Structures are given as structure tokens and as C-alpha cells.
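Each value in this text was obtained by applying a stated rule to the coordinates, not by laboratory testing. The shown structure was predicted, so the numbers you read here are calculated from the model rather than taken from an experiment. Here the Cβ positions follow ideal geometry from the backbone for every residue, glycine too, while neighbour counts run over all protein chains shown.
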Amino acid sequence: LFNSWLTWPANRMIDLLFHPISLAIIFALVVWLVVRGHSYYQEERRRWALIEAGVDHLDGYQFEDLVLVVFQGLGYEAELTKRSRDGGIDVIAKRPGKHFLIQCKYRLAGLDGQSIGVDVVRETVGAAEIAEAGTPCIVTNTTFTANARKLAEQAGCILADRFVLAEWMLTIKDEKGN
């Protein structure tokens, strides 16, 4: 009696574990964990890329230099404009079929800092229109407001927040095998 009392729950558990519905639930849970783990891994890679580059410990000019190097690493011929009175454009990046006029916006507090708003988008789009060449692009170490994203989409301005910047840096790092 004692022996059968111990084996009954174990036998019942085995039956439940290998039931088709249980197997489907276990499979779904494993898939969810793998996807969640991959997402977490990607997020951590981006975070570490920003930390390695010291993105949140630069000044505005150093950030412009970083953006220049990133675009060069992505295969663009890139050059800095003059440091002051640049007309709203900090970096010009070209390669066949693409020409970007880039405004770099650095915020001292990084992700905790003030998001980039519509005023910067207007300024950059206006500067690109005056130059009459190239696609306006804004690169920042923070984020963009919802209104800035909406205006940029309407105006054809490319926005690259800290997460896009990190992805670009990881692309360069992966291509070089580091």
C-alpha cells in the first residue's frame, strides 16, 4: 500500500508531462524563453557597445568625431564641417547613391537626458534644403520625442537614436571580427 501510494503521483505526473497539451505548453515556453533571451542578449550588446565607446562621457565635438568614424566604418566617405557656424550640419557622408547631411546632437545625460524635439528636426531639414543636396539625418546619444519622429518621417529626415548608433557600431565591430 505504501509503495503504490508513492508511485501513483509519479506515474500521474509522467502522464501529465507527456500529454500533447503539456508538450505544446512546454514547447511554447521554451520558444518564448529563447526569443526573450536573444532580445536581452541584443539589448546587452548595444548597451556594452555604447559603454565601450564611452558615448555618454564625450563632449559635443568628440561625439561628432565618433559619428564621423562610424559612418566611415559603414563605408561612407565622411567629413566634418567646420566646428562653429556649420549651418546645422556637422558631418557630410557620401557613397554611391547616398548622400547624408548629418546633424549630431549630444546630450550630457545620455538616455536620461532631454529627448531631441521637433525644433532640431526643423533646423536639420531646413539646412538640408538650403544645401540642396543630401538626405537630412540626425544622430544622437539620447532619444527623440514622438512629435520629432512624426515630423522627421513626413520630412524624409533619418533619425538615429542611441540604439541605432549602437547597432551601427556593432555592425562595424562584427565586420572587423573584433
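Laid out as a table, the results:
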read-out	value
Cα shape, the stretch 54-178, gyration tensor, a/c 1.5 rule	rounded
Whole-Å semi-axes of the ellipsoid equivalent to the stretch 120-173 (Cα gyration tensor, √5λ, descending)	21, 14, 8
Förster-model FRET efficiency, 45 Å R0, T81 and D174, C-beta, rounded to 0.05	0.95
Shape of the stretch 56-128, Cα gyration tensor, a/c cut at 1.5	oblate
Amide H within-cut-off set for T135, under 5 Å, with H built and near neighbours excluded	H99, F100, L101
Spacing of the two label points (7 Å from each Cα toward its C-beta) at L74 and L108, in nm	2.8
Percent breakdown of C-alpha pair distances by 10 Å bin, ordered from the shortest bin, for the stretch 99-139	30, 47, 20, 3
